[in-house]
Amino acid sequence: MKAASLPPSQVSLPGDFTGADLTPDRYVVELEAPVRRELSRLAAHATSGTIDARGVRAALEEATVRTKCILAGGYGVVLLRGVPTEGLEREVAVALFTAMGEALGEPTAQTLDGELVTDIRDTGADRNDPDLRLYRTSAEQDFHTDGADVIGLMCLHPAESGGVSRVVSSVRVARRIGEARPDLAPLLFEPWFLHLPGGRERGLPGAFSRPIATFDGAKLESFFIGWYIRRAESVPDVPPLDDARRELLALYEATANDPELFVDMSFRPGDVQWLRNAFVLHKRTEYVDPAPPAPRRHLLRLWLSAPYLADTTPRFSAQELGR
Ligand SMILES: [Fe+2]
């Protein structure tokens with residue numbers, strides 16, 4: 001069943017939280033010293049970017065159980081602290097992070113080229129290029145979802161300033177809109193066009209359509225990328241946004257940016273963030289890199305398919321989109 005309206009406010013929904021609800025004890029998982037030592041030992045023995053993945057999973061067993069509980073039954077936000085990333089070569093960090101991700105799901109493509117681990121850093125690219133994905137710049141990225149069930153970030157090097165990771169419950173955002181503007185809220189469940197960067201060059205559609213919110217009677221899932229919705233207007237055959245949709249889009253972003261609702265986290269080296277994409281919107285603030293020779297802000301990103309969550313986030317591999 002796909003309901004086209006929000007459930008009554010007295011019904012509790014998974015993934016519904018405010019900033020006050022998401023206290024650190026609900027999402028921070030600190031690795032114990034013996035676990036850190038074991039991960040360091042495994043990383044030191046990694047050769048040619050290959051790590052003992054079984055050993056990594058064994059060392060992280062307890063942290064993985066907690067992470068899965070939070071993803072499946074909690075607020076869907078996890079910050080795992082203390083992964084020993086310092087001094088690791090990128091290839092070893094990638095192998096370690098991938099092994100960690102495989103304990104939670106299956107890594108899936110993040111680009112139409114099938115990239116499984118993405119480097120998040122400022123490449124100096126033009127932030128106004130419509131086909132550019134903003135994670136290649138230091139620009140702010142407003143609240144949005146990504147394209148997989150679970151989104152993972154591993155911090156190798158933080159920014160000099162800015163680059164704060166901010167999370168908000170998309171369940172709460174939708175409910176707030178339902179309370180404030182019941183006239184506009186049904187639009188959340190209507191299809192919206194989103195630009196597909198790089199799609200047309202590959203013979204794929206230039207845009208795809210999808211509701212911002214779906215409700216199956218038990219959980220309210222969301223998929224939202226505001227700048228792709230706006231960019232879709234310039235794709236041939238996509239109708240322009242009408243006034244009501246424009247108003248809803250602005251209200252959605254303003255609601256997500258309500259300081260009562262979001263929570264900030266500043267990444268330290270060795271932090272790993274896992275988010276349940278269907279329930280959590282994320283953004284990052286604009287940032288400034290440290291002056292050379294200090295390393296630039298550098299995060300690794302994984303997208304995981306996690307069938308045990310039974311979420312319906314669309315996939316973005318060329319294979320899937322080409323079907
Ligand atoms: Fe993102």
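The values are calculated or read from the model by the stated rules, or taken from the named source; none is laboratory data. Being a predicted model, the structure only gives us computed values, none of them experimental. Cβ atoms come from the backbone with ideal geometry, glycine included; neighbour counts cover every protein chain shown.
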Original post:
List the pairs whose first member sits in the range 41-61 and is in contact (Cβ under 8 Å) with a residue 40 or more places away in the chain, whose second member is buried (at least 16 other Cβ atoms within 10 Å of the Cβ) and charged (D, E, K, R), and whose Cβ atoms are under 6 Å apart, counting only residues at least 6 apart or on separate chains?
Top reply: Leu42/Asp52
**OP:** Select from the range 138-154 the residues that are in a loop (DSSP other than H, G, I, E, B) and touching a helix residue (DSSP H, G or I) at 6+ places or on another chain (Cβ under 8 Å) and write down the one among them that is nearest to the ligand (Cβ to nearest atom).
**Re:** Thr145
**OP:** Report yes if some residue within the range 121-137 is within 16 Å of the ligand (Cβ to nearest atom), at pLDDT 90 or above and either surrounded by 20 or more Cβ atoms within 10 Å (Cβ to Cβ) or at negative phi (or both); otherwise report no.
**Re:** yes
Original post:
Could you list, in sequence order, the residues of the range 114-137 that are part of a loop (DSSP other than H, G, I, E, B) and charged (D, E, K, R)?
Top reply: Glu115, Arg121, Asp122, Asp126, Arg127, Asp129, Asp131, Arg133
**OP:** Please go through the range 189-222 and pick out each residue that is aliphatic (A, V, I, L, M) and closer than 19 Å to Val238 by Cβ.
**Re:** Leu194, Leu196, Leu204, Ala207, Ile212
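Quick grid of which residues meet (1) over 19 Å from Arg284 (Cα atoms); (2) in a helix (DSSP H, G or I):
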{"position": "Ser209", "(1), (2)": "yes, no"}
{"position": "Glu221", "(1), (2)": "yes, no"}
{"position": "Ser234", "(1), (2)": "yes, no"}
{"position": "Leu241", "(1), (2)": "yes, no"}
{"position": "Ala244", "(1), (2)": "yes, yes"}
{"position": "Ala254", "(1), (2)": "no, yes"}
Original post:
Listed residues Ala99, Ala43; which is modelled with pLDDT of 95 or more, more than 19 Å from the chain's Cα centre (by Cα) and not in a loop (DSSP other than H, G, I, E, B)?
Top reply: Ala43
Subject >> Failed condition for Thr111, given (1) more than 14 Å from the ligand (Cβ to nearest atom); (2) in a loop (DSSP other than H, G, I, E, B); (3) in contact with a helix residue (DSSP H, G or I) (Cβ under 9 Å, 6 or more places away or on another chain) >> reply: (1)
Original post:
Tell me, which residue of the range 270-292 that is part of a loop (DSSP other than H, G, I, E, B) and within 15 Å of the ligand (Cβ to nearest atom) is nearest to the chain's Cα centre (by Cα)?
Top reply: Asn277
**OP:** Please tell me if Val29 is in a strand (DSSP E or B) and either surrounded by 12 or more Cβ atoms within 10 Å (Cβ to Cβ) or hydrophobic (A, V, I, L, M, F, W, C) (or both).
**Re:** yes
Subject >> Within the range 155-182, considering residues that are of a type in the set (Ser, Thr, Tyr) and surrounded by 24 or more Cβ atoms within 10 Å (Cβ to Cβ), the one farthest from the ligand (Cβ to nearest atom) >> reply: Ser169
Subject >> Pair list, Cβ < 7 Å and 6+ apart or interchain, from the range 86-108 residues that are within 18 Å of Ala59 (Cα to Cα) to residues that are aromatic (Phe, Trp, Tyr) and crowded, with 19+ Cβ neighbours inside 10 Å >> reply: Leu104/Trp274
**OP:** Kindly indicate which of Arg230, Arg296 is of a type in the set (D, E, K, R), outside any loop (DSSP other than H, G, I, E, B), over 17 Å from the mean Cα position of the chain (by Cα) and over 30 Å from Lys68 (Cβ atoms).
**Re:** Arg230
**OP:** Return a yes/no flag: does the range 108-116 have any residue that is out of contact with any Cys (no Cβ under 6 Å at 6 or more places or on another chain), of a type in the set (Val, Ile, Thr) and surrounded by fewer than 19 Cβ atoms within 10 Å (Cβ to Cβ).
**Re:** yes
**OP:** Go over the candidates Phe316, Phe267 one by one and state the one that is part of a loop (DSSP other than H, G, I, E, B), within 16 Å of the chain's Cα centre (by Cα), within 16 Å of the ligand (Cβ to nearest atom) and modelled with pLDDT under 95.
**Re:** Phe316
**OP:** Answer with yes or no whether Pro8 is more than 26 Å from the chain's Cα centre (by Cα), assigned to a loop (DSSP other than H, G, I, E, B) and farther than 15 Å from Thr85 by Cα.
**Re:** yes
